[in-house]
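Each reported figure results from applying straightforward, stated rules to the coordinates on display, with no laboratory input. Computed from a prediction, not measured in an experiment: that's the story for all the values here. Backbone-built Cβ (ideal geometry, glycine too); neighbour counts: all protein chains shown.
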Amino acid sequence: MTTEGGVQYSKIAEIKGPLVVVDDVENAAFDELVEIETTEGERRLGKVLEVGNGKAIVQVFEGTTGLSISGTKAKFVGKVMEMAVSKEVLGRVFDGLGRPKDGLPDPIADKFIDINGEPMNPEQREYPKDFIQTGVSVIDGLMTLVRGQKLPIFSGSGMSHNLLAAQIARQASVVGTTDDFAVVFAAIGVQYSEAEYFRRSLEESGALKRSVLFLNTADDPAIERIITPRVALTVAEYLAFELGMHVLVVITDMTNYAEALREISAAREEVPGRKGYPGYLYTDLSTLYERAGKLNGRKGSVTQVPILSMPSDDITHPIPDLTGYITEGQIVVGRDLFRQGVYPPINILMSLSRLMKDGIGEGSTRADHSEVANQVYDAYSRSQEVRALAGIVGKAGLTEIDLKYMDVGDTFEKEFLTQATDENRTIEETLTLLWKIVSKLPKNEITKIKDKYVEQYYKEE
Amino acid sequence: MASNSALETTIDKILNNTEKDIHSNIQSALSESQQKLEDSIPKLESEYDKIISDGKKEADKIEKQIIGSSDIEARNKQLMLLEEAVDKVFTKALDQIANADRSGDYSNLIKTMLEESTQILGTSEITVFTNAKDKDVVQSTLSQFSGAELSPDTIDCLGGIIVKSKDGAMTFDNTIDARIERLKPLIRKDIASKFGVGN
């Protein structure tokens, strides 16, 4: 932590959108923290985006509403934005800039860490291969989350991704180890009611004491949203790599983050990229997503579940598109299932966890996991084809085996996929349900599972 | 008479047959229900196990909720108490600083502050502001800084100086208040460690 004071400048050349241009500035540094003082004495925070020719462009996190060229002062603090971290942050609720929002004092800091983090040395990265149990069958069974993985949830506006996010945050745990587990939850640009739901949900389930919440609500200035995921990840990295905890970071909604980035880019008059987002959106997103991982010789891990709502459910939109390039798979929330009232409405045919294969099987979940998951995936895919066919020729035109697959599809959605928001299923329960679905098929249709597992788990009805 | 006895025999036969039928029906119903009862035992047992396991899950959940919220409540109370104690230490320390003797090393402190301020602003063409109590000390030290002048206006602070470039474009707050504010997180940590927190 820098303890030197900073110089305050009073020559404001221009105020444009979320940016303030300060004149006659010497010795300012890129990313340096700036304290803006209004004529009324109100203080706001910002950071230097550009310096040169005696000018500094400052991005004001709390917005520039109410600022005027005369009377506004900018103090260059001489340090980058830092987050005070210690074990005391667990069980606390902060705003989007990392200030306490629970009426309690600032936590006593153990360290002050630059919120931009330090890039992980690729050489030091350890391959993620340990299972995280979310208690949500469809995730644990078919798109297993692994410690150190980044697995986004692609959703659409109005769908139940926030319920799912809260459920994962409440239920997630590491199985088969006594290592500490923590959840860092960052809400970006969510409605007040949603923020309150997240807070109450963790508090009432008793999960708050192992969680840290960062809540940036929709009425907070959009620019704050640039900071929220960074402070959250800074805390996560500290808990993981300094205190040796396994940390699950849930960030919702990354679309709001990208919107804030677009706003700043437009104010800076940068050449827009696809749909007006800056050309560096991919690079910027990677500076967040790549903060997930495990390091050789360190005990903890940072796992990320960023949630983003796809505008118009368009998976080719720049935000999900670029996210998909960086992350290790995706969980897609389906509009059709949502309309049918299925919760969680996850479309498994569009979803995938690329690291699942390394996190399941003997020693982590169960030896038959991979095979039974593949068989169910295959059967559900076939059931969808049969449903489409039934739409044309009618049920009467289907063969007996087609009808069995149709039944498999229905059972899958009603008994496996559908889960109460407070239902925490163990991996054993999830696997039992998967076998229940497989057992609806005649044995000769089971082609992806070894005979010994079929003998052991198949129960004909 | 003969026809009567034949009728009676027929009636007896019918009664016997009916009785046999009823007996056999009762017997088969009995064995059927026994079979059903036997068959339902594993189902009942699994239902029973499910109810017990669901109940256990629910109990675990409630236990976690109770322990979690009471832990949080206790921790929050501890935090508030600690903050109260830290505030008391701060108030007392600030009081002592405000009433400290301005002779001796204090003029050296002001000199260091002025040197630091001119260096950071990059100019010695400055106007210096201080509080009424430090005015004399600052005035006497300013003679060593050409181009620096003391403002007739005083400021409200514990001690130290605010330095402004003469064109008014740059200001550097080097008051004791500002220094304490900057160092507050570190001072809080030190005070808290004296109370045994964060060690």
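Hey, with R₀ at 25 Å, roughly what FRET efficiency would residue A:421 and residue B:45 work out to, going by the Cβ-Cβ distance, to 0.05? Calculated value: 0.25. Highest GNM mean-square fluctuation among B:21, B:153, B:49, for chain B modelled with Cα contacts below 10 Å: B:21.
In order along the range B:26-41, the phi-based Karplus estimate (6.51 cos²θ - 1.76 cosθ + 1.60, θ = phi - 60°) of 3J(HN,Hα) comes to 4, 4, 5, 4, 5, 5, 4, 5, 5, 4, 4, 4, 5, 5, 7, 4 Hz; Gly and Pro are listed as x.
Once you reduce the range B:5-47 and the range B:165-199 to the center of their Cα atoms, the two points are 94 Å from each other. Taking label positions 7 Å along the Cα-Cβ direction at both residue A:163 and residue A:287, the computed distance is 3.7 nm, reported to one decimal.
Among DSSP beta bridges lying fully in the protein assembly as shown, give the percent that are antiparallel, nearest 5.
On the way: 56 of 90 bridges.
Just about 60 percent of them are antiparallel.
The value for the range B:102-194 of Rg(Cα) / (2.2 N^0.38 Å) is 1.13. Ignoring lysines fewer than eight residues from residue B:111 along the same chain, the ones with Cα atoms less than 20 angstrom from its Cα are B:133, B:135, B:164, B:166. Every Cα-Cα pair in the range A:369-457 was counted, and those over 22 Å apart are 30% of them. Where is the GNM fluctuation largest for chain B (alpha-carbon springs, 10 angstrom cutoff): B:76, B:25, B:174? Residue with maximal mean-square fluctuation among B:76, B:25, B:174: B:25. Across the range A:331-337, rounded Karplus estimates of 3J(HN,Hα) from the backbone phi angles (6.51 cos²θ - 1.76 cosθ + 1.60, θ = phi - 60°) give 10, 9, 8, x, 5, 4, 5 Hz, Gly and Pro being marked x. Between residue B:91 and residue A:428, the modelled labels are 5.8 nm apart [label points 7 Å from Cα along Cα→Cβ]. Across the range B:1-79 the C-alpha pair distances fall into 10 Å bins from zero in the proportions 15, 16, 14, 12, 11, 10, 8, 6, 4, 3, 1, 0 percent.
Taking N as the number of residues in the range A:83-359, what is its alpha-carbon radius of gyration divided by 2.2 N^0.38 Å?
On the way: Rg = 17.4 Å, N = 277, 2.2 N^0.38 = 18.6 Å.
Normalised Rg, Cα atoms only: 0.93.
Under a model in which nothing but the beta-carbon of Lys, Arg (+1) and Asp, Glu (-1) is charged, chain A shows a dipole of about 520 debye around its Cα centre.
Say a paramagnetic label sat at a point 7 Å from the Cα of residue A:43, along Cα to Cβ; which residues of the range A:94-128 have their backbone N under 16 Å from it? Within reach of a label on residue A:43, which here means backbone N under 16 Å from a point 7 Å along Cα→Cβ, the range A:94-128 contributes A:97-100, A:106-107. Here the scattering of the range A:212-288 is modelled by Debye summation over its C-alpha atoms, one equal scatterer each and no solvent; at q = 0.22, 0.23, 0.24 Å⁻¹ the log10 of I(q)/I(0) is -1.01, -1.06, -1.12. Legend: residue pairs A:129/A:299; A:87/B:64; A:75/B:184; A:87/B:77; A:209/A:414, Cα-Cα distance threshold 23 Å; pairs beyond threshold, A:209/A:414. Near residue A:16, the amide H atoms lying under 5 Å from its own belong to A:21; only residues 5 or more places off or on other chains count, and H is placed 1.01 Å from N. Which of rounded, prolate, oblate describes the range A:1-60, given a ≥ b ≥ c as roots of the alpha-carbon gyration tensor eigenvalues and a/c under 1.5 marking rounded, otherwise prolate only if a/b is larger than b/c? In terms of gyration-tensor shape, rounded. Set the Cα radius of gyration of the protein assembly as shown against 2.2 N^0.38 Å, with N its number of residues, and you get 1.33. Approximating the spin labels as points 7 Å out from Cα along Cα→Cβ, the residue A:123-to-residue B:64 distance works out to 4.2 nm.
Highest first, please rank the peptides A:29-40, A:235-246 by the mean number of other Cβ atoms sitting within 10 Å of their residues.
Numbers: A:29-40: 16.5, A:235-246: 23.0.
The packing order, highest mean first, is A:235-246, A:29-40.
Ranking A:389, B:144, B:10 by Cα position along the charge dipole of the protein assembly as shown, where only Lys, Arg, Asp and Glu carry charges on their C-beta atoms, puts B:144 farthest toward the positive end. Counting other Cβ atoms within 10 Å as a rough exposure proxy, the listed residues A:51, B:163 run A:51, B:163 from fewest neighbours to most. If R0 is 60 Å, the Cβ-Cβ spacing of residue B:33 and residue A:192 corresponds to a FRET efficiency of close to 0.50.
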